[in-house]
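The values are calculated or read from the model by the stated rules, or taken from the named source; none is laboratory data. Small disclaimer: the values here were computed from a predicted structure and weren't measured. We place every Cβ from the backbone using ideal geometry, glycine too, and count neighbours over all the protein chains shown. Ligands, DNA and RNA are stripped out before the accessible areas are found, and what is left, the full protein with its side chains, is counted by its heavy atoms. Shrake-Rupley method; radii C 1.70, N 1.55, O 1.52, S 1.80 Å.
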Amino acid sequence: TAYLLAGMLVGPSVLHAIHQEHIHYFEPFTKLAMALVLLELGCRFPVARLRPILKRALWLATGEMSTTFALVTLAVWLFSGDPAMAVLLGSLALATAPATTVLVLKESRSDGPITELASVLVAFNNIVAIVSFELLFLLARMLSDEQQVSFWSQLGRLTADLGGACMLGICGGLFIGYFSGLLNRRRWLVMVLAVAILMLGLCETWHLPYMLSFLIAGVTLVNTSETAAELLSEQEKIAGLLVVVFFAVHGAELQLSAFFAAGLLGAVYIVARSAGKFLGARWAARVRGEPANVRRYLGSCLLAQAGAAIALATLAAERWPGLGDQLPTIILG
């Protein structure tokens, strides 16, 4: 939050130290930051260790995400009267901040059933948010009268894009894991950055959702390589700096006039999303027969929202000027 505020302070809304037309020069750094965060998040998904709780986690995630999507979509639709805006904000509401949540758990040295379930649900939330955003973005274009698009041709292209992103992620994860066994540890950071930048370039060239690629790369890496933990510790040497750049740049993009104009809609979104996360997790945990502490606290572990949602909202603004421009303002708010 401090980095967002500092970025806003030096941005065009306050001090004009960074001009609006220059902000796009930082885009490669913000995408690389998000890529490394999602790679780390994927690495927190070792199937062997999580298999005992996967069934519980899937039930809890389904209850929490379906409740959140329904409440946010309904609330935004009733308030704004715009179904396209409603479904897009509903998909963005699913995402939980990967970096924020993971770092708070790590900083407080927490351990136990809530921590374990929260880590898995964060990964589920972001995978589902990325995929559902792509699907619902297509649906939103169909709901809008702005542009007539062929549903089946667009759906076929989207399926190919999602499949291509998964294949690229698998190849990237296998590549990093294989070469970490051949290279000296002092070269690992260079190798990870080289692969990450190459994957970003390929995603940009082939128009693939890069966030899904890096999540899948992390999942592949942790399940095929014994060096995943050491690779992450090397990556953290630069990931922290890039995350600062990520939040500061997006803070600079926040236009205060637009923020205040969207204030009431932003408040509706925040209340509906918070209620969906908290009540959905509590309801699903109660039905599943989870312990009282899981029912009471799991939902609040999923409230933080930052990196992934900001990146998706920015993507919407690039693809759909007009409607999409309002989404980053609401999410940043």
**Asked** Within the range 250-259, is there a residue that is open to solvent by 20 Å² or more (accessible area, probe 1.4 Å), at pLDDT below 90, in a loop (DSSP other than H, G, I, E, B) and at positive phi?
**Response** no
**Item:** Failed item in (1) crowded, with 21+ Cβ neighbours inside 10 Å; (2) closer than 30 Å to MET142 by Cα; (3) of a type in the set (A, V, I, L, M), with ILE270 passing the rest
**Value:** (1)
**Item:** Selection from the range 204-222 of residues that are modelled with pLDDT of 90 or more, over 23 Å from THR96 (Cα atoms) and not charged (D, E, K, R)
**Value:** THR205, TRP206
**Asked** Quick one: MET191 ticks every box in (1) more than 24 Å from LEU242 (Cβ to Cβ); (2) surrounded by fewer than 22 Cβ atoms within 10 Å (Cβ to Cβ) bar one, so which box is it?
**Response** (1)
**Prompt:** Can you list the helices (runs of 4 or more DSSP H) found entirely within the range 15-126 that contain at least 2 residues being at pLDDT 90 or above and surrounded by 14 or more Cβ atoms within 10 Å (Cβ to Cβ)?
**Reply:** 27-42, 47-80, 83-93
**Asked** Taking the condition among the small types (Gly, Ala, Ser), within 16 Å of the chain's Cα centre (by Cα) and either under 21 Å from ASN223 (Cβ atoms) or part of a loop (DSSP other than H, G, I, E, B) (or both), does SER132 pass?
**Response** no
**Request:** Take the residues in the range 240-249 that are aliphatic (A, V, I, L, M), within 18 Å of the chain's Cα centre (by Cα) and surrounded by fewer than 21 Cβ atoms within 10 Å (Cβ to Cβ), then tell me which one is nearest to ILE197 (Cα to Cα).
**Result:** LEU242
